[in-house]
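Asker: Please read through the structure below; I'll follow up with questions.
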Amino acid sequence: MALTTEQQSQVDVSNAMEAARHANNLTIQAKQAKLEAVRLAKDVLIENARSKAVDSRDVAATDITVFAQTLIAYIDA
């Protein structure tokens, strides 16, 4: 049974809305994964710094971002 042109246009609009919603959800999930990678990198680097001498325990923001980017690259691979 074929759809009328009005029904087909409603289906097309619904499909377009669902595609936009799905794309938005993927974007949000990617940002959440990136944020979680930064949190994980920070926790790991700070925990690893505890085993070092007191004067060499510095963890820089660049260390965290580099490690987070490494984690994200590993996940995406």
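Asker: Give the residue, chosen from S9, S14, S51, that is free of Cβ contacts under 8 Å to residues at least 40 places away in the same chain, among the hydroxyl-bearing types (S, T, Y) and in a loop (DSSP other than H, G, I, E, B). If you could, list the steps in order and put the result at the bottom.
Answerer: On the way: S9 fails: in a loop (DSSP other than H, G, I, E, B); S14 fails: in a loop (DSSP other than H, G, I, E, B).
The conditions single out S51.
Asker: Considering only residues that are in a helix (DSSP H, G or I) and loosely packed, with under 10 Cβ neighbours inside 10 Å, which ones fall in the range 55-74?
Answerer: Let us first name the residues in the range 55-74 that are in a helix (DSSP H, G or I), namely 55-56, 61-74.
Result: D55, S56, A61, T62, Y74.
Quick note: the coordinates plus some simple rules give every number you see, no bench work behind them. Computed from a predicted structure; not experimentally measured. No Cβ is skipped: glycine too gets one built from the backbone with ideal geometry, and neighbour counts run over all protein chains shown.
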